Every structure is written in structure tokens, then in C-alpha cells.
Amino acid sequence: MIKNIILDVGRVLVAWQPKETMRELGISQETIAVLAEKLFDSGVWNEADRGVLSDDEFLELAIRQVPEYEAEVRLFWNNIEKAIWQFPYVKLWIRAMKKAGYKVYILSNYGNWCYEKTKEIALNFLEEVDGAVFSYKVKQIKPDAAIFQAICDKYSLKAEECVFLDDLPANIEGAKKFGMQGIVFKGLQDALEELQKLDVKIAL
């Protein structure tokens, strides 16, 4: 029986739109394509989420990938909060889950710099949940089993009593291998329908 609902953050509870934000900052489309390939699509950005490097060390790492675009990397880095904002349904959804008797937790690949820049506005739903584990704090990232173990250890959760929602199929596969139920998040209505299939009924 599901007792705990664990939610990813990016593209589940908040928007993550780096390309659009870079465009708004005046960075050319050609440059955005290079930065996307070298930083986001290559996996380099995961090192910010992993939290092993300091913010300054990660920024230096990012710049080394595209030294000719140092100014643009710094511009985006210093305005990263503009790429992240909370979806309007978030607090209502969390409150509905809790009203239905479920514990609600956060499990997210998230870097320290992003956290500090977004905690007061985009992440203000954290005051509504029962607990949270961010990758940069535990030095592990999804879909590695260690991060699922970390949230279970921290809050004394049993994997078989948890369902995890994430927008990335690879992370859901990681959760399932760990013993949790998993749902690939494609939107709120779809998530509610998939939860209902697990006998998790949420009234919004």
C-alpha cells in the first residue's frame, strides 16, 4: 500500500527553461545551441547537482567546456533563477495529497547555487512537504540507487510504500529497481490518473 508520495522538482513542480532564459538575456540562438550541447546535453550540468564541486569550481568547469563563451555562461549563471518558477498547481496538489492522508517528500537533482537563488520563491512549497532530499546535499544524483536509499534512511521510509514521480524515464527506472512504484510525469492530470491506478486517490 502506498503511504508516501515522492516528487521530483524540475519540470514537475517548477519550470526549467535554460534555453528560453538565455534567449531573454540576449544570447544568440547559435550560442545557445552550443551551450546546450556542451553543458546541458553532455551531462556536465549534472556535476552542479552532484554537489561535489563548490559553486565556483563548477562555474570554472563549465567555462572550460566553452571558453569562448565565458561571458554568456556567467550571464546565465548569475540569472539562473529566471529559468525556474513554480507551476500554479503545486501547493494545491501538495495540500490535496496530505489531506488524503499521504506523506509528501521531495527528491531532486538540484545544485546549491540553484537552491540558494530559488529557495524563497520558486521552492517555497518546501514548507508544505514532510521532507526533502536534494542531490547536492547528499552528493548523489538520480537515478543512482544511493539517492533513493538516502531519502529512505533520512525519513525511515519503506521503498514498497513509496511512489516516485519524475519527468525522466531513467529516474523512474532507477526508483523501480530500488523497489518503489514509479510514474513518469507528463502533466498533472495524467499523474492523477496514474496515481489512481495505484489506488492513490487525490481530490483536487
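The values are calculated or read from the model by the stated rules, or taken from the named source; none is laboratory data. Predicted model only: the values in this text are computed from it and were never measured. Cβ: placed from backbone, ideal geometry, glycine included. Neighbour counts: every protein chain shown.
The table for this structure:
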| item | result |
| --- | --- |
| Condition broken by Leu13, with the remaining ones in (1) surrounded by 18 or more Cβ atoms within 10 Å (Cβ to Cβ); (2) over 19 Å from Leu123 (Cα atoms) satisfied | (2) |
| Qualifying residue in the range 99-114 (condition: of a type in the set (Val, Ile, Thr), modelled with pLDDT of 95 or more and not in a strand (DSSP E or B)) | no |
| Considering residues of the range 1-10 that are part of a strand (DSSP E or B) and over 13 Å from the mean Cα position of the chain (by Cα) only, the residue surrounded by the most Cβ atoms within 10 Å (Cβ to Cβ) | Ile5 |
| Tally, over the range 62-90, of residues that are assigned by TED's automatic domain parsing to the domain that holds Leu123 and over 16 Å from the mean Cα position of the chain (by Cα) | 2 |
| Hey, Ala191 buried (at least 17 other Cβ atoms within 10 Å of the Cβ), farther than 22 Å from Val52 by Cα, out of contact with any helix residue (DSSP H, G or I) (no Cβ under 6 Å at 6 or more places or on another chain) and free of Cβ contacts under 8 Å to residues at least 60 places away in the same chain or not | yes |
| Conditions (1) touching a residue at least 60 places away in the same chain (Cβ under 8 Å); (2) more than 22 Å from Leu7 (Cα to Cα): number failed by Gly51 | (2) |
| Residues that are without any contact (Cβ under 8 Å) to a residue 60 or more places away in the chain, among the basic types (Lys, Arg) and either more than 15 Å from Val9 (Cα to Cα) or crowded, with 18+ Cβ neighbours inside 10 Å (or both), drawn from the range 102-141 | Lys117 |
| Failed item, numbered, when Asn79 is tested on (1) more than 21 Å from Leu188 (Cβ to Cβ); (2) free of Cβ contacts under 8 Å to residues at least 40 places away in the same chain | (2) |
| Hits in the range 31-56 - residues which are under 18 Å from Asn109 (Cβ atoms) and surrounded by fewer than 14 Cβ atoms within 10 Å (Cβ to Cβ) | Asp41, Ser42, Gly43, Val52, Ser54 |
